[in-house]
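Let me begin by presenting the structure, written as structure tokens, before commenting on it.
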Amino acid sequence: MGSLYSEQHTWLHAVPAYIKLLVLAVLGTGLFFTQALQILTCATLVCVCVFASLGEATKRANPLLMGVLVASLLVAGFHLWMQHAALAAVTVMRLVSMTLMGVALTLTTRHSDLLHVFEQVLSPLQRVGFRSDQLALQLALMLRFTEHFFVVWRRLDDAYRLRTGRAGGFKILAPLTIQMLMAARRVADTLSVRFRR
């Protein structure tokens, strides 16, 4: 499967995966516990600066950022139309902040490192007979397939643009679905063979 992980080393690559996950969890929780525009504005500016500091590594995520920009404009437009300007600002800043940090995590963290963190965090559940390794694998696969979805979407959209000169939009939905189902089937078959050993 394709990956957004960047081999171009940045300062964030050197930060341990568990610290990045912890910061992401705290940030995500904190953003939804406040409505203060000043706090959200500061958090958004910090997230933008952190993401921008990754330099050339962020180019792999440009199509994702365009999608976030479009989504932000649509959300803001809807709330402004409903005459909720403050809610529009709060929602967009939350969306932008979390997306930038999530993409930064994806660009600078290997999936094997994420899987290791999940296994460590869930390991106490083994004392009560729970297969924490399987749950960790499920979480890692969920993140992997989310990333793979956007990678395939970008490739199909690029191919459509080369042929027609226009964005694919909903026209690439059918091939995107087919490719994702095929990828899921290949992974399922691989895991089935591995766990039978």
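The values are calculated or read from the model by the stated rules, or taken from the named source; none is laboratory data. Please read all numbers here as calculations on a predicted model, not as lab measurements. Glycine also receives a Cβ, built like all others from the backbone with ideal geometry; neighbour counts cover every protein chain displayed. Ligands, DNA and RNA are stripped out before the accessible areas are found, and what is left, the full protein with its side chains, is counted by its heavy atoms. Shrake-Rupley method; radii C 1.70, N 1.55, O 1.52, S 1.80 Å.
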When both residues are 6+ apart or on different chains and their Cβ atoms are under 9 Å apart, which pairs have a first residue that lies in segment 41-65 and is in a loop (DSSP other than H, G, I, E, B), and a second that is at pLDDT below 85 and open to solvent by less than 70 Å² (accessible area, probe 1.4 Å)? Leu54/Ser6
Which residues, taken from segment 83-140, are within 24 Å of Ser192 (Cβ to Cβ), open to solvent by less than 50 Å² (accessible area, probe 1.4 Å) and among the hydroxyl-bearing types (Ser, Thr, Tyr)? Ser132
Note down all Cβ pairs under 7 Å where the first residue falls in segment 97-119 and is at pLDDT 85 or above, the second is in a helix (DSSP H, G or I) and among the basic types (Lys, Arg), and they're at least six residues apart or on different chains. Leu105/Lys20; Leu107/Arg60; Thr109/Lys20
For segment 31-41: of the residues being at pLDDT below 90 and not hydrophobic (A, V, I, L, M, F, W, C), which is surrounded by the fewest Cβ atoms within 10 Å (Cβ to Cβ)? Gln35
Out of the residues in segment 1-21 meeting the condition of being hydrophobic (A, V, I, L, M, F, W, C) and modelled with pLDDT of 90 or more, tell me which one is most open to solvent (accessible area, probe 1.4 Å). Trp11
What tally of residues in segment 141-161 results from selecting those that are closer than 16 Å to Val187 by Cα and open to solvent by less than 40 Å² (accessible area, probe 1.4 Å)? 3
From the list Ala76, Ala25, pick out the single residue that is part of a helix (DSSP H, G or I) and closer than 30 Å to Gly169 by Cβ. Ala76
